[in-house]
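First up is the structure itself, then whatever we jot down about it.
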Amino acid sequence: GQSLEQPSEVTAVEGAIVQINCTYQTSGFYGLSWYQQHDGGAPTFLSYNALDGLEETGRFSSFLSRSDSYGYLLLQELQMKDSASYFCAVLHSGYSTLTFGKGTMLLVSP
Amino acid sequence: NAGVTQTPKFRVLKTGQSMTLLCAQDMNHEYMYWYRQDPGMGLRLIHYSVGEGTTAKGEVPDGYNVSRLKKQNFLLGLESAAPSQTSVYFCASSPDMNTEAFFGQGTRLTVV
């Protein structure tokens, strides 16, 4: 089966940098995605890494190490609106779709 | 462009009742999915479809059935609702499996 581990909660202040880690165990791994979900809303796509290395999109970056079965989401210049849950998800051959972690709640304070 | 639309947004069912949740997408996506989200459990895949006329089981399929008769629609059925099916249900679609998935706004279902 598949399993993903990510911290349940992370806190930070506005303007800071925060890293949310994700470790996974899966067979037939294709790639790692990150999704953001505000309270009561729908998950929205942030990034997808299929190859090792860092992908940057504005204030957000995502990293993958396939050999370590590990990835992280890096959020820079934190804003209050970044307070949300962040989910890592692995794409694998088992379902041809995403298996999600349990999510990390990010709380950004002034 | 509406994206992914779920109907209804809220519903309360009595134990044993049946209902169908409708998901419609207007992006001509091949892949469609049904997830349920429970507190502390993340999103768990119920069923999915890789094209019109096809369906497959996900991680938690028991108690649910699906149909994909038209490419743009993916229906999730509960034949005999149970309190354990109280959850928020999300539908999603994507062009293929390794691209961005677009989610609907969710259906909040309570079974009493």
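The values are calculated or read from the model by the stated rules, or taken from the named source; none is laboratory data. For clarity, every value in this text was computed on a predicted model and none was experimentally measured. Reconstructed Cβ throughout: ideal geometry from the backbone, glycine too, with neighbour counts over all protein chains shown.
Rundown of residues vs (1) farther than 18 Å from A:LEU91 by Cα; (2) of a type outside the set (Ser, Thr, Tyr); (3) within 12 Å of another protein chain (Cβ to nearest Cβ); (4) in contact with a Leu (Cβ under 9 Å, 6 or more places away or on another chain), yes/no style:
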| site | (1), (2), (3), (4) |
| --- | --- |
| B:VAL12 | yes, yes, no, yes |
| B:THR15 | yes, no, no, no |
| B:MET32 | no, yes, yes, no |
| B:TYR35 | no, no, yes, yes |
| B:SER49 | no, no, yes, no |
So B:PRO61 passes all but one of these: (1) within 14 Å of chain A (Cβ to nearest Cβ); (2) crowded, with 17+ Cβ neighbours inside 10 Å; (3) of a type outside the set (Asp, Glu). Which condition number does it fail?
(2)
From the residues in the range A:27-44 that are at the interface with chain B (Cβ under 7 Å from one of its Cβ atoms) and modelled with pLDDT under 95, which one is surrounded by the most Cβ atoms within 10 Å (Cβ to Cβ)?
A:GLY31
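Filter the range B:1-24 down to residues that are aliphatic (A, V, I, L, M) and free of Cβ contacts under 8 Å to residues at least 60 places away in the same chain, then give me how many there are.
Residues flagged as aliphatic (A, V, I, L, M) and free of Cβ contacts under 8 Å to residues at least 60 places away in the same chain within the range B:1-24 amount to 3.
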Residue within the range A:48-57 that is crowded, with 20+ Cβ neighbours inside 10 Å and small (Gly, Ala, Ser) present
no
Hey, could you check the range A:96-110 for residues that are buried (at least 20 other Cβ atoms within 10 Å of the Cβ) and within 20 Å of B:LEU43 (Cα to Cα) and say which is farthest from the other protein chains (Cβ to nearest Cβ)?
A:LEU106
Residues of the range A:84-110 satisfying the condition of being without any contact (Cβ under 8 Å) to a residue 40 or more places away in the chain and farther than 12 Å from A:THR26 by Cα
A:SER96, A:THR97
When you look at B:GLY40, is it facing chain A (nearest Cβ under 10 Å) and more than 18 Å from B:SER94 (Cβ to Cβ), yes or no?
yes
Please go through the range B:70-99 and pick out each residue that is surrounded by fewer than 15 Cβ atoms within 10 Å (Cβ to Cβ), modelled with pLDDT under 95 and either within 11 Å of chain A (Cβ to nearest Cβ) or more than 19 Å from B:GLN17 (Cβ to Cβ) (or both).
B:PRO95, B:ASP96, B:THR99
